[in-house]
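Participant: I'd like to ask you about the structure that follows.
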Amino acid sequence: MAAYSPGVSWRDRRNHGLNDRVLLAVIDALCPHEEPFDFDATSDVLGELKSFLPFLPGALRLGLPAGLALLEFSGLLLPQPRGSGRQRFTRADRDSRRRTLEAWLHGGGIREAMVAGLKALSLLCFYQHPSAQASLGIDWQARADKLTLERARLLAAVASQ
Amino acid sequence: MSTGVSEQNLLPPEYSLAYPNVESGLDLAPRLSSPRVYHADAVVVGSGAGGAPVAARLRDAGLDVLLLEEGGLYRTADFVTDPLESARRMYRDAGTSLILGQPPITFAEGRCVGGSTVINGGMSWRTPGRVLQHWDRKLGLDGCDEKSMQGWFEQAERILTPETQHPETIGKPLALFADAARRKGWDPVDNQRNMHRCMGLNNCAFGCPTGAKRSMLVTEIPRALAAGAKLVTNARVDRVLKHRRRVAGVAGSFVDLHGRRQGRFEVRARLVVLAAGARNPPGLLLRSRLRGPMTGRGLHVHPNAKVVGLFDQPLDSWVGTHQAHQVHRFMDEGILMAAAGVPPGILAAGIPGLGEEHGRLMARYNHMLTAGCLVEDSGQGRVRLGPDRRPLMTFKLSSRDLEVLHRGVRLLAEGVFEAGAERVLLPFADLPLLESADELEKIDQRPRSPQGLELMTVHIMGSCRMAVEERHGPCDPWGRVRGIEGLAVADASVIPSPVGLNPMQSIVALALRNCERWIEGFKRQGGNGAVHPS
Ligand SMILES: Cc1cc2nc3c(=O)[nH]c(=O)nc-3n(C[C@H](O)[C@H](O)[C@H](O)COP(=O)(O)OP(=O)(O)OC[C@H]3O[C@@H](n4cnc5c(N)ncnc54)[C@H](O)[C@@H]3O)c2cc1C
Ligand code: SF4
């Protein structure tokens with residue numbers, strides 16, 4: 001299996017710095033890719049996720065690059081979960097990356113907090129993506145428009161009585 | 001439906017509310033070479049559940065009022081249904097805040113004009129009698145008994161106008177849970193929500209675009225502004241100014257959406273009211289060297305745990321209001337329960353697994369029923385200054401909290417199975433799923449460990465509590481900060497013990513109660529706009 005699939009081209013990958021490359025690999029591993037979520041949203045999710053980073057509380061914001069670097073090189077430096085070879089995170093296949101993230105997620109401490117935070121943010125961005133919403137049959141904005149008009153009608157009718 | 005009313009540009013009345021006397025710190029900042037100085041009788045810091053009614057009441061009493069709000073002004077017409085955009089605009093830390101501890105607790109609060117009332121679920125309950133009795137009899141807080149508070153709750157309800165939900169706005173998951181609770185003899189009660197003809201859109205957490213929710217944005221803020229109060233947005237107070245033992249005003253920064261400083265301001269005022277949400281006043285006091293032995297201590301967090309039932313039949317889980325009923329039956333044990341509509345992106349973080357495993361569960365989003373329990377906690381929480389000099393919250397669950405949380409999760413799971421779920425997802429990393437009701441005992445058998453427990457909260461309180469003696473709280477029984485004249489607190493920080501249910505109405509009622517004392521004090525001292533230099 002390719003390190004990233006589907007969707008993020010080599011050009012994209014070359015153009016991203018280390019943080020972005022690790023984030024892309026994380027997002028790719030955290031998000032589903034099979035039906036009904038068989039669309040490519042990885043780059044969009046990265047864009048949304050990055051828009052949250054300046055809002056993170058100070059310590060998290062400052063600590064994130066170090067945490068991502070540790071994740072990238074942990075395969076070379078730290079004992080790995082069963083079935084994961086000794087390699088950089090971004091070079092590992094999707095299953096190995098998932099195993100590493102699972103291990104961090106249940107490992108306690110700062111590593112757990114970081115992966116839990118990345119999971120929450122990545123999946124928030126993924127499942128709010130228009131394609132994911134469409135897959136789930138959700139159109140919140142259309143319902144908002146409809147109900148706003150309905151409420152306006154109801155109140156106008158009451159007022160005119 | 002034909003109403004005989006022209007449909008062209010037909011919008012709910014909240015769309016045409018006027019907001020006079022508002023200036024944005026961001027518009028001012030580029031033109032400033034030195035701090036902008038304001039003068040007022042009273043400055044209110046924060047425009048949420050506590051701040052907005054206080055600003056309006058002070059103005060009613062004839063004071064010259066300046067309301068400062070760190071966030072921006074987003075009107076009803078500005079609300080969108082995209083949680084990402086809404087979180088960046090209207091939530092502190094864009095909704096990524098944490099209360100540190102084992103386990104860390106995810107926390108959210110508003111940062112916009114109207115504060116958390118703009119993004120809250122609208123549940124609007126009086127403080128339970130049992131809790132008021134505790135404040136009155138055990139804590140000795142005069143005027144906090146049920147009878148004395150009655151009038152303040154009535155005033156709060158004139159602002160909040162709580163209603164119950166119209167039946168057609170209640171989605172299937174909520175109705176199923178309420179039926180199950182009835183069958184189990186739990187007597188679910190209809191929710192009281194501060195709204196006027198809620199349409200059941202469930203966008204409450206991102207601003208109500210139908211205008212139904214009676215948040216401070218559409219009630220006390222426009223009322224205060226129309227009466228002549230002034231509001232400055234994007235204005236973050238950093239310090240309280242004092243002169244000897246008297247407050248002299250506040251100093252702060254104009255900030256952009258990311259909290260970056262764009263300019264400075266100072267306000268000279270004789271009455272300073274901190275109404276900045278329970279996380280922030282302790283930080284302001286500590287940064288201003290107004291430290292008492294209990295400043296920041298006694299934080300309570302109402303930890304919430306949730307379960308998710310997976311149903312065979314489709315439930316259209318995204319349709320219908322956010323919450324329609326609550327189970328109050330176990331409140332004496334410290335447990336409040338309710339089913340709630342949660343958007344997929346928000347729910348996703350708490351669904352176990354990664355990648356395809358996660359996706360297979362989420363594909364069944366419209367077959368899910370989410371229910372949560374709120375625990376009246378007895379653990380120890382604290383707000384202190386972090387390395388960046390911003391308030392940092394910590395909380396340690398007590399062994400009782402852990403016990404009550406497990407009991408709450410067990411009850412929720414029972415209720416969700418009773419509602420017809422095939423399987424139930426739990427908030428435990430080591431026990432993520434029950435395959436059937438026969439497995440409920442696994443919850444009882446789980447070691448009472450905080451490890452791997454997924455918790456969140458949107459209710460914090462008690463970090464600058466009212467108390468008879470200083471060793472129990474930095475504020476006196478009327479919300480005045482001890483040791484300095486003219487400084488008071490009007491937000492969730494003054495709440496003397498956890499209320500055990502949604503706190504907004506308690507905050508409004510206490511703020512209105514205490515505000516009368518501040519007005520008396522201000523007038524007694526010949527308050528007429530005279531300002532002490534800093
Ligand atoms: C998502 C969500 C759902 C909720 N649901 C319910 C519910 O259904 N029912 C209920 O009763 N409660 C609910 N709550 C809780 C309730 O809304 C809060 O407890 C209540 O609004 C707190 O009131 P407050 O005045 O203490 O703070 P807030 O209402 O949060 O207002 C504080 C304001 O002060 C501003 N501020 C902070 N620091 C500064 C500073 N230094 N300078 C200037 N301004 C500052 C903030 O930006 C904010 O706007 C919910 C909260 C959230 C977040
Ligand atoms: S359910 Fe919808 S209409 Fe009702 S208060 Fe919430 S957002 Fe507004």
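The values are calculated or read from the model by the stated rules, or taken from the named source; none is laboratory data. Everything numeric in this text was worked out from a predicted model, so none of it was measured. Quick reminder, even Gly has a Cβ in these numbers, built from the backbone with ideal geometry, and neighbours come from all protein chains shown.
Participant: Go through the residues of the range B:381-401 one by one and say whether even a single one is closer than 25 Å to B:Val189 by Cβ and not charged (D, E, K, R).
Facilitator: no
Participant: Does B:Ile484 satisfy the condition of being within 16 Å of ligand 1 (Cβ to nearest atom) and either in contact with a strand residue (DSSP E or B) (Cβ under 7 Å, 6 or more places away or on another chain) or not aromatic (Phe, Trp, Tyr) (or both)?
Facilitator: no
Participant: Output the residues belonging to the range B:250-270 that are within 14 Å of chain A (Cβ to nearest Cβ) and more than 13 Å from ligand 1 (Cβ to nearest atom).
Facilitator: Answer for the range B:250-270, where residues must be within 14 Å of chain A (Cβ to nearest Cβ) and more than 13 Å from ligand 1 (Cβ to nearest atom): B:Asp256, B:His258, B:Arg260.
Participant: Could you tell me whether B:His302 is closer than 17 Å to A:Trp140 by Cα, more than 10 Å from every other protein chain (Cβ to nearest Cβ) and surrounded by 22 or more Cβ atoms within 10 Å (Cβ to Cβ)?
Facilitator: no
Participant: Please go through (1) within 9 Å of chain B (Cβ to nearest Cβ); (2) crowded, with 20+ Cβ neighbours inside 10 Å for A:Gly75 and return the number of the only condition it doesn't satisfy.
Facilitator: Unmet for A:Gly75, out of (1) within 9 Å of chain B (Cβ to nearest Cβ); (2) crowded, with 20+ Cβ neighbours inside 10 Å: (1).
Participant: If you don't mind, another one. Assuming B:Gly48 fulfils every condition listed in (1) part of a strand (DSSP E or B); (2) within 11 Å of ligand 1 (Cβ to nearest atom) apart from one, which condition is it?
Facilitator: (1)
Conditions tested, residue by residue: (1) free of Cβ contacts under 8 Å to residues at least 12 places away in the same chain; (2) over 25 Å from B:Ser86 (Cα atoms).
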position	(1), (2)
A:Leu23	no, no
A:Asp40	no, no
A:Leu46	no, no
A:Gly58	yes, no
A:Ala66	yes, yes
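Participant: Another question about this same structure. Checking B:Leu453 against (1) modelled with pLDDT under 95; (2) surrounded by fewer than 22 Cβ atoms within 10 Å (Cβ to Cβ), which single condition isn't satisfied?
Facilitator: Of everything listed in (1) modelled with pLDDT under 95; (2) surrounded by fewer than 22 Cβ atoms within 10 Å (Cβ to Cβ), B:Leu453 misses just condition (2).
Participant: Among B:Gly420, B:Gly415, B:Gly408, B:Gly462, which is on the phi > 0 side of the Ramachandran plot and in contact with a Phe, Trp or Tyr (Cβ under 8 Å, 6 or more places away or on another chain)?
Facilitator: B:Gly420
Participant: Moving on to the next point. Only one of (1) touching a strand residue (DSSP E or B) at 6+ places or on another chain (Cβ under 8 Å); (2) in a helix (DSSP H, G or I); (3) within 16 Å of ligand 2 (Cβ to nearest atom) fails for B:Leu286. Which number is that?
Facilitator: It fails just one condition, (3).
Participant: Out of B:Val250, B:Val307, B:Val232, B:Val267, I need the residue that is more than 20 Å from B:Leu26 (Cβ to Cβ) and assigned to a strand (DSSP E or B). Which one?
Facilitator: Of B:Val250, B:Val307, B:Val232, B:Val267, the one residue that is more than 20 Å from B:Leu26 (Cβ to Cβ) and assigned to a strand (DSSP E or B) is B:Val307.
Participant: Quick check on the range B:3-41: of everything there that is part of a loop (DSSP other than H, G, I, E, B), modelled with pLDDT of 85 or more and among the polar types (S, T, N, Q), which residue is surrounded by the fewest Cβ atoms within 10 Å (Cβ to Cβ)?
Facilitator: If we take residues in the range B:3-41 being part of a loop (DSSP other than H, G, I, E, B), modelled with pLDDT of 85 or more and among the polar types (S, T, N, Q), then B:Ser33 is surrounded by the fewest Cβ atoms within 10 Å (Cβ to Cβ).
Participant: If I ask for residues that are over 15 Å from the mean Cα position of the chain (by Cα) and among the small types (Gly, Ala, Ser), which ones from the range B:95-112 would you list?
Facilitator: B:Gly101
Participant: Report whether or not B:Glu85 is away from chain A (no Cβ under 14 Å) and within 25 Å of the chain's Cα centre (by Cα).
Facilitator: Spelling it out, it is not the case that B:Glu85 is away from chain A (no Cβ under 14 Å) and within 25 Å of the chain's Cα centre (by Cα).
Participant: Can you pull out every residue in the range B:101-120 that is more than 9 Å from chain A (Cβ to nearest Cβ), assigned to a strand (DSSP E or B) and over 18 Å from B:Asp256 (Cα atoms)?
Facilitator: Within the range B:101-120, B:Ile105, B:Phe107 meet the criteria.
Participant: A:Leu136 fails exactly one of the following numbered conditions: (1) out of contact with any Asp or Glu (no Cβ under 8 Å at 6 or more places or on another chain); (2) facing chain B (nearest Cβ under 8 Å); (3) surrounded by 23 or more Cβ atoms within 10 Å (Cβ to Cβ). What is the number of that condition?
Facilitator: So the condition that A:Leu136 fails would be (3).
Participant: Same structure again: When the range B:471-489 is examined, which residues are found to be buried (at least 20 other Cβ atoms within 10 Å of the Cβ) and more than 16 Å from B:Pro282 (Cα to Cα)?
Facilitator: B:Pro477, B:Trp478, B:Gly486 - these are the residues of the range B:471-489 that are buried (at least 20 other Cβ atoms within 10 Å of the Cβ) and more than 16 Å from B:Pro282 (Cα to Cα).
Participant: Quick check on B:Gly415: is it in the same structural domain as B:Gly345 (by TED's automatic domain parsing) and buried (at least 16 other Cβ atoms within 10 Å of the Cβ)?
Facilitator: yes
Participant: Ok, one more. Can you pull out every residue in the range A:26-46 that is of a type in the set (A, V, I, L, M) and more than 9 Å from chain B (Cβ to nearest Cβ)?
Facilitator: A:Val26, A:Ile27, A:Ala41, A:Val45, A:Leu46, listed by residue number.
Participant: Tell me, please, whether a residue that is more than 16 Å from ligand 1 (Cβ to nearest atom), in contact (Cβ under 8 Å) with a residue 12 or more places away in the chain and of a type in the set (D, E, K, R) can be found in the range B:105-119.
Facilitator: no
Participant: Okay, next question. What are the pairs with Cβ atoms under 7 angstrom where one residue, in the range A:101-116, is within 9 Å of another protein chain (Cβ to nearest Cβ) and crowded, with 20+ Cβ neighbours inside 10 Å and the other, located anywhere, is in a loop (DSSP other than H, G, I, E, B) and not β-branched (Val, Ile, Thr)? Sequence gap at least six, or different chains.
Facilitator: If the second residue must be in a loop (DSSP other than H, G, I, E, B) and not β-branched (Val, Ile, Thr), the pairs left are A:Leu101/B:Leu354.
Participant: Return a yes/no flag: does the range B:425-444 have any residue that is more than 16 Å from ligand 1 (Cβ to nearest atom), farther than 25 Å from B:Val327 by Cα and more than 14 Å from chain A (Cβ to nearest Cβ).
Facilitator: No; the residues of the range B:425-444 include none that is more than 16 Å from ligand 1 (Cβ to nearest atom), farther than 25 Å from B:Val327 by Cα and more than 14 Å from chain A (Cβ to nearest Cβ).
Participant: Also, I was wondering about something else. Given the structure, is B:Asp444 free of Cβ contacts under 8 Å to residues at least 40 places away in the same chain, in contact with a His (Cβ under 8 Å, 6 or more places away or on another chain) and of a type outside the set (Val, Ile, Thr)?
Facilitator: yes
Participant: Here's a follow-up. Can you name the condition, by its number, that B:Ala77 falls short on among (1) buried (at least 24 other Cβ atoms within 10 Å of the Cβ); (2) in the same structural domain as B:Glu520 (by TED's automatic domain parsing); (3) on the phi < 0 side of the Ramachandran plot?
Facilitator: So the condition that B:Ala77 fails would be (1).
Participant: Might you check whether a residue that is within 16 Å of ligand 2 (Cβ to nearest atom) and modelled with pLDDT of 95 or more occurs anywhere in the range B:488-503?
Facilitator: Among the residues of the range B:488-503, at least one is within 16 Å of ligand 2 (Cβ to nearest atom) and modelled with pLDDT of 95 or more, which makes the answer yes.
Each row is one residue, and each column tells you yes or no for (1) of a type in the set (Phe, Trp, Tyr); (2) in contact (Cβ under 8 Å) with a residue 12 or more places away in the chain; (3) surrounded by fewer than 24 Cβ atoms within 10 Å (Cβ to Cβ).
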site	(1), (2), (3)
B:Glu469	no, no, yes
B:Asp491	no, yes, no
B:Val494	no, yes, no
B:Asn502	no, yes, no
B:Ser506	no, yes, no
B:Leu512	no, yes, yes
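Participant: Name every residue in the range B:173-205 that is among the acidic types (Asp, Glu) and either within 14 Å of another protein chain (Cβ to nearest Cβ) or part of a loop (DSSP other than H, G, I, E, B) (or both), in order of residue number.
Facilitator: Selection gives B:Asp187 alone.
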